[in-house]
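First the structure, in the form of structure tokens, and then the observations on it.
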Amino acid sequence: MDKKEIQQTILDTLKKHRPAKWNASHTEEKNLFKRFPKHMRGTKQVKNALEELYKMELIIRYKKTGETHVSLNIRKKKEIEQFLEE
């Protein structure tokens, strides 16, 4: 998988979660990796792709209960939809 496919998988995971994880609705960061094959979970490639999504502000990071939680940025909804369509 290339970086773009990894990022699309992460965004898709948050979007297809029920309920979808927008702003106040969030999930633990470790739950994002469950859709990847076991040999890819926790690799530098996946972590770098996730960090780039944070820098692009497509996802938001929260510190809750000692764990890092994430959600989609509602202000970037149009950009997220376009990113997933590419």
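Each value in this text was obtained by applying a stated rule to the coordinates, not by laboratory testing. Please read these numbers as outputs of a predicted model, since none were measured by experiment. Heads up, the Cβs are rebuilt from the backbone with ideal geometry, glycines too, and the neighbour counts pull from every protein chain shown.
Subtract the Cα-Cα distance of Asp12 and Glu29 from 0.36 nm times their separation in residues, and report this length gain in nm to one decimal.
4.7 nm
How far, in nm, would the chain grow between Thr65 and Asn48 when pulled straight, counting 0.36 nm per residue and subtracting the alpha carbon separation?
3.7 nm
So what is the diffusion coefficient of the chain in µm² per second by Stokes-Einstein at 4 °C and 1.567 mPa s, using a Kirkwood Rh over Cα pairs?
D = 101 µm²/s.
What's the magnitude of the charge dipole for the range 3-85 around its Cα centre, counting Lys and Arg as +1 and Asp and Glu as -1 at the beta-carbon? Answer in Debye, nearest 20.
It works out to roughly 200 debye.
Go ahead and estimate [θ] at 222 nm for the chain from helices alone: -39,500 (n - 2.57) per DSSP H run with n ≥ 4, summed, over the residue count, rounded to 500.
It lands at -12500 deg cm²/dmol.
From the phi angles alone, apply the Karplus equation (6.51, -1.76, 1.60; θ = phi - 60°) to the range 6-12 and give each ³J(HN,Hα) in whole Hz, x where the residue is Gly or Pro.
With the stated coefficients, the range 6-12 comes to 5, 5, 5, 5, 4, 5, 5 Hz.
Just to confirm my numbers, what's the Cα centroid distance between the range 5-23 and the range 42-74 in Å?
Using only Cα atoms, the two centres lie 11 Å from each other.
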